[in-house]
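Structure first, then comments.
Laboratory data are not the source of any read-out in this text; all were calculated from the coordinates shown. Just so it is clear, the structure is predicted and the values come from calculations on it, not from any experiment. In this analysis, Cβ positions are derived from the backbone assuming ideal geometry, glycine residues included, and neighbour counts consider all displayed protein chains.
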Amino acid sequence: MDPLTIAIGCDHAGFSLKKPIMDYLEKQDYVILDMGTFSENSVDYPDFAHPVAFAVEEEKANIGILICGSANGVAMAANKHAGVRAAVCWNEEVTKLARTHNNANVLALPARFISVSQGIHMVEIFIETPFEGGRHARRVDKINMSHAHE
């Protein structure tokens, strides 16, 4: 089985959390696609959210991780992409539900509201938690706008 490929990106507010998460992921032998940013210099979060979302949308990455101050901006940008389900997660339970109930494929982390250890733990949960399917699959299928009027 091929190793998991993870696209990761952040803005300046998420930069300090991205490095320790990448270090953790590299120790697990995952393939990492680093979409930037590469410093704490001020940048525009969509410039990094879109490349991560494209990687997931185009199946170049199995999952994505996005990090900004609140996680809202990167999630909003990523969720514009077909087939991308970015979930803002700030604790263990929300992270598990994002995977089990919503089949989220992009984890959006709020760097200003979580610690490094919390961020790494949520990444572990996100990767290791499977989608439950069943009644949740029907609901997830309705997220795509092509089904909104059915």
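Around the amide H of ILE32, modelled in the peptide plane, lie the amide H atoms of ILE6, all under 5 Å away and 5 or more residues distant in sequence or on another chain. Whole-Hz Karplus values for the stretch 2-14 come out as 5, x, 5, 9, 10, 8, 9, x, 7, 9, 4, 5, x Hz, taken residue by residue from phi with 6.51 cos²θ - 1.76 cosθ + 1.60 and θ = phi - 60°; glycine and proline positions read x.
Name the long-range amide H neighbours of ILE63: under 5 Å, sequence gap of 5 or more, or other chain; modelled H, no Pro or chain starts. Close amide H contacts, sequence-distant or interchain: THR5, ALA7. Listed peptides 26-37, 97-108 appear in the order 97-108, 26-37 once ranked by packing, highest mean of other Cβ atoms within 10 Å at the front.
Over the stretch 41-150, Cα pairs under 8 Å with separation of 6+ residues give a relative contact order of 25 percent.
Between the alpha-carbon centres of the stretch 96-130 and the stretch 11-71 there is a gap of 13 Å. Summing Lys and Arg as +1 and Asp and Glu as -1 over all other residues whose Cβ lies under 15 Å from the Cβ of LYS19 gives a net charge of -3.
Restricted to Cα atoms, the chain shows a radius of gyration and a Dmax of 14.4, 46 angstrom.
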